[in-house]
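Note sheet for the following structure.
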Protein chains: 2
Amino acid sequence: MTIANYISQILSRSSWIRRMFEEGTRLKAKHGAGNVYDFSLGNPNLEPPHEFKAALQQAVMNSAAGLHAYMPNTGYPHVRQAVADYLCQEQKMPLTANEVIMTCGAAGALNVILKALLDPGDEIISPVPGFVEYTFYAGNHGGILKTVPARADFTLDIGAISAAVTAKTKAVLVNSPNNPTGQIYSEESLVKLGMLLKNKGKEVGHTLYLISDEPYRKIVYDGSKVPGIFKCYPESIIASSYSKDISIAGERIGFLAVNPQAAFKAELLGGMALANRILGFVNAPALMQRVVASIQGASVDISVYTRKRDLLCDGLADCGYQFVKPSGAFYLFPKTPLPDDVQFVQALQEELILTVPGSGFGGPGYFRIAFCVDDSTIINAMPGFKRVMEKYK
Amino acid sequence: MTIANYISQILSRSSWIRRMFEEGTRLKAKHGAGNVYDFSLGNPNLEPPHEFKAALQQAVMNSAAGLHAYMPNTGYPHVRQAVADYLCQEQKMPLTANEVIMTCGAAGALNVILKALLDPGDEIISPVPGFVEYTFYAGNHGGILKTVPARADFTLDIGAISAAVTAKTKAVLVNSPNNPTGQIYSEESLVKLGMLLKNKGKEVGHTLYLISDEPYRKIVYDGSKVPGIFKCYPESIIASSYSKDISIAGERIGFLAVNPQAAFKAELLGGMALANRILGFVNAPALMQRVVASIQGASVDISVYTRKRDLLCDGLADCGYQFVKPSGAFYLFPKTPLPDDVQFVQALQEELILTVPGSGFGGPGYFRIAFCVDDSTIINAMPGFKRVMEKYK
């Protein structure tokens, strides 16, 4: 073979999400985009908020020298300071610019974190259903992702995580609000998880980290709050981005932050700055760093996603679908009425409805609906959802 | 240890370039920036050309929907088409958008290429003096960088490359115009290298690729031309960026292109699209993709770098320094008058002149001067260069 064996293997069993995306492209070309109901990809359909547009125009009008040149690999000091100031409020803990590294989105942040942490064979534990790409991110750096089942309501199963810890475990990786379930982990469960990691860390003789991937933190419903991870466990690291809450997923801008109380903070931050450089990111895109610095706390209008969630949940409940109503993110993860979720998703495709099988998220027997789409897509797809349910229930 | 052993090790013997950069920051804080002569980093000091600024302002005024959203992982089709159209001229060969992937700079492109190619233990051969980061890029993906010496005038030593090929070799990686030597490899030598790789590939029973890292292609002097690699060898891949020629290194925008004649073109491009996604780049930054598409062929005023090169070369020749005058890029790589280049660079630091020891590039007994600086820095540093030479010659 000409390319790497590992790449060749994963190419042949590539991400369901992208496969559905491509099937969607084909169906749209055949039937017309307006006649296909595409719920397959978490590509926010809301435009960025006016604060973003104003900040971008202002940044571009700035005629100072060197604005597009290299800056320190960790990002502009003033940008890191702005993120740290915001995180102080969010995490209810003093933070400095030194604890923040600007990254190419949360995907970049996670790769930088895992590159800095993992020796070959090291294990990362993550609950499923969960984001399929984590397996690749761990594998990129010689690590192994060990998935453990969440509870039936998609909350953390601390016992299952506890049972999965071995001498090779380096970290637990959580994603809350969760893709694909929309679940938010409670402060109580995160404190318990922190206690577990503290105790297990003593047993195995090394620090066990808690990595929190939280790009959906601002997208929450019904007054839900996402607990700050830093108060729950000192050995914790945040990865986040502006992709979802500002609707700028294509710009690749995010950050990582290390808990100011982490025992090996300097080593972690030094290792991550190095990893950011040698993985080829070098630094987060310059212009977008300066833009997001000036709009900390901004987000799209979350009430629009609330309306879409309710439209979808009410409609599907009427059709007989069973699901846990999501408290955050823009995904719904209903049960499939037949055990084979791939077969069910294919049946939906015959109705020109594009979704993703739960198997792609370690959750067979479910399917994911990304509802960051036009209201009309939700409304007009409902008869199709109903017909497929009636066929299989 | 808390972080990965490998990261911990390379942190402790980290890049000379960055160490010098940090020493420069310290000296500038102590003596005032205007009194320190910083030749340590290839961070272009010219502002981006007016075409860039105009294109950026136009891109930002565009109010179409979805301009900051995800696009295909390989980049916008119209951007890839624009790059392909330009490469048709440059490489004198028909190319399509399908053969181009937009990346987060050339460093991103190289990591994507190596991720797609390397199985654990695979070897990449690269001439030295050369770019120090290649060792890390190969290591990121389980590979090993084997360096081979260039000839005394920094041209390719085909015999040395030939002797380094083993059954584990996957590719040869060249950088022309070269960092740190400024050498441009001749078409004749690249054709010879192509012949070698073809023959050796038959011997070892697999394709040997030629990877050309060429971010300095447009920065050339005295009418020099950089030969197109695609005509020299069919199994070739280009990595490049707009960092140096447009002076936008902080924006992380570049591309890779696969030779249209490559035998396993589809596998290569599929593997690289996947690698771009799972390494966490996901896609090259959206806005900058659209900007560079509309200014293909633009560059800063190269005559300004010519003037800086001549100022530096003439001045240092008068002081008695020996060097090969660079044909491209913005680096000069003179011999140190004493064998220990680290000691010599420290002596220059005492004159507040910041350069990088050749050891950092696999070229001990030399030092690198990045002349992408103000003319006054070159002129005012000259007495210091002279004093240090007179001390050691």
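Computed from the coordinates by the stated procedures, all read-outs in this text should not be read as laboratory data. Bear in mind that the values here come from a model prediction, so they are computed numbers and not experimental data. All Cβ positions, even for glycine, are placed from backbone atoms using ideal geometry, and neighbour counts span all protein chains on display.
Residue B:277 meets the stated requirement of being over 17 Å from residue B:46 (Cβ atoms), out of contact with any strand residue (DSSP E or B) (no Cβ under 7 Å at 6 or more places or on another chain) and not acidic (Asp, Glu).
Quick check on my filter: what residues within region A:267-276 are more than 10 Å from chain B (Cβ to nearest Cβ) and free of Cβ contacts under 8 Å to residues at least 24 places away in the same chain? Scanning region A:267-276 gives no hits. Scanning region B:129-151 for residues that are closer than 20 Å to residue B:167 by Cα, within 13 Å of chain A (Cβ to nearest Cβ) and in contact with a strand residue (DSSP E or B) (Cβ under 9 Å, 6 or more places away or on another chain) returns B:135, B:138, B:139, B:143, B:145. The residues of region A:106-118 that are of a type in the set (A, V, I, L, M, F, W, C) and facing another protein chain (nearest Cβ under 7 Å), listed by number, are A:107, A:110, A:116, A:117, A:118. Within region B:82-116, the set of residues being surrounded by fewer than 17 Cβ atoms within 10 Å (Cβ to Cβ) and more than 20 Å from residue B:245 (Cα to Cα) comprises B:92, B:93, B:94, B:96, B:98. List the pairs whose first member sits in region B:217-242 and is under 14 Å from residue B:109 (Cα atoms), whose second member is part of a loop (DSSP other than H, G, I, E, B) and hydrophobic (A, V, I, L, M, F, W, C), and whose Cβ atoms are under 7 Å apart, counting only residues at least 6 apart or on separate chains? Hits for this filter: B:241/B:253; B:242/B:248; B:242/B:253.
Could you tell me whether residue A:324 is among the aliphatic types (A, V, I, L, M), in contact with an Asp or Glu (Cβ under 8 Å, 6 or more places away or on another chain) and away from every other protein chain (no Cβ under 14 Å)? Here the answer is yes, as residue A:324 does meet what is asked. Looking across region B:231-265 at every residue that is of a type in the set (Ser, Thr, Tyr) and under 13 Å from the mean Cα position of the chain (by Cα), the one that is farthest from residue A:279 (Cα to Cα) is identified as B:242.
Okay, residues lined up against (1) touching a helix residue (DSSP H, G or I) at 6+ places or on another chain (Cβ under 6 Å); (2) surrounded by fewer than 23 Cβ atoms within 10 Å (Cβ to Cβ); (3) not polar (S, T, N, Q):
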{"site": "B:339", "(1), (2), (3)": "no, yes, yes"}
{"site": "B:345", "(1), (2), (3)": "no, no, yes"}
{"site": "B:376", "(1), (2), (3)": "no, yes, no"}
{"site": "B:381", "(1), (2), (3)": "no, no, yes"}
{"site": "B:386", "(1), (2), (3)": "yes, yes, yes"}
{"site": "B:390", "(1), (2), (3)": "no, yes, yes"}
{"site": "B:393", "(1), (2), (3)": "no, yes, yes"}
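Of everything in region B:264-297, what is among the small types (Gly, Ala, Ser) and either farther than 18 Å from residue B:91 by Cβ or part of a helix (DSSP H, G or I) (or both)? Give them in sequence order. Result: B:266, B:270, B:271, B:273, B:275, B:280, B:284, B:286, B:293, B:294. State all residues of region A:236-258 that are outside any loop (DSSP other than H, G, I, E, B), within 11 Å of chain B (Cβ to nearest Cβ) and polar (S, T, N, Q); if no residue qualifies, say none. The answer is A:241, and nothing else.
If a residue has to be under 24 Å from the mean Cα position of the chain (by Cα) and either free of Cβ contacts under 8 Å to residues at least 60 places away in the same chain or under 10 Å from residue B:181 (Cβ atoms) (or both) to count, how many in region B:326-370 make the cut?
Restricting attention to region B:326-370, the residues satisfying the condition of being under 24 Å from the mean Cα position of the chain (by Cα) are B:326-336, B:341-342, B:345, B:353-370.
Going one step further and asking which of them are either free of Cβ contacts under 8 Å to residues at least 60 places away in the same chain or under 10 Å from residue B:181 (Cβ atoms) (or both), we end up with B:326-329, B:331-336, B:341-342, B:358, B:361, B:363-368.
Matching residues across region B:326-370 total 20.
Among strands (runs of 3 or more DSSP E) entirely within region A:54-164, having at least 3 residues that are within 20 Å of the chain's Cα centre (by Cα) and closer than 21 Å to residue B:285 by Cα singles out A:100-103. Taken as a whole, the structure places residue A:108 among residues that are under 23 Å from residue A:266 (Cβ atoms), touching a residue at least 60 places away in the same chain (Cβ under 8 Å) and small (Gly, Ala, Ser). Checked against (1) in contact with a Cys (Cβ under 9 Å, 6 or more places away or on another chain); (2) not in a loop (DSSP other than H, G, I, E, B), residue B:42 meets all criteria but (2). Condition first: within 12 Å of chain B (Cβ to nearest Cβ) and within 18 Å of the chain's Cα centre (by Cα). Can you find one or more residues in region A:285-307 that meet it? Scanning region A:285-307 turns up at least one residue that is within 12 Å of chain B (Cβ to nearest Cβ) and within 18 Å of the chain's Cα centre (by Cα). Within region B:199-212, is there a residue that is over 30 Å from residue B:50 (Cα atoms), assigned to a helix (DSSP H, G or I) and either touching a Leu at 6+ places or on another chain (Cβ under 8 Å) or hydroxyl-bearing (Ser, Thr, Tyr) (or both)? Yes - at least one qualifying residue is present in region B:199-212. In region A:283-305, which residues are crowded, with 24+ Cβ neighbours inside 10 Å and β-branched (Val, Ile, Thr)? Once the filter is applied, which keeps residues that are crowded, with 24+ Cβ neighbours inside 10 Å and β-branched (Val, Ile, Thr), region A:283-305 yields A:291, A:292.
Residues are listed down the side, and each one gets a yes or a no for (1) of a type in the set (Val, Ile, Thr); (2) within 11 Å of chain B (Cβ to nearest Cβ); (3) more than 30 Å from residue B:40 (Cβ to Cβ):
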residue	(1), (2), (3)
A:44	no, yes, yes
A:56	no, yes, yes
A:59	no, yes, no
A:63	no, yes, no
A:75	no, yes, no
A:87	no, no, yes
A:120	no, yes, yes
A:127	no, no, yes
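Taken over region A:127-152, the criterion of being more than 20 Å from residue A:359 (Cβ to Cβ) and surrounded by fewer than 20 Cβ atoms within 10 Å (Cβ to Cβ) is satisfied by A:142 alone. Considering only region B:323-337, how many residues are of a type outside the set (Lys, Arg) and surrounded by fewer than 20 Cβ atoms within 10 Å (Cβ to Cβ)? Within region B:323-337, residues that are of a type outside the set (Lys, Arg) and surrounded by fewer than 20 Cβ atoms within 10 Å (Cβ to Cβ) number 3. The set of residues in region B:312-352 that are of a type outside the set (A, V, I, L, M, F, W, C) and not in a loop (DSSP other than H, G, I, E, B) comprises B:314, B:315, B:318, B:328, B:331, B:335, B:341, B:343, B:346, B:349, B:350.
The residues of region A:201-219 that are more than 26 Å from the chain's Cα centre (by Cα), of a type outside the set (Gly, Ala, Ser) and either on the phi > 0 side of the Ramachandran plot or away from chain B (no Cβ under 14 Å) (or both), listed by number, are A:202, A:203. Criterion first (touching a Gly at 6+ places or on another chain (Cβ under 8 Å), in contact (Cβ under 8 Å) with a residue 40 or more places away in the chain and within 26 Å of residue A:374 (Cα to Cα)) does residue A:298 satisfy it? Criteria not met by residue A:298.
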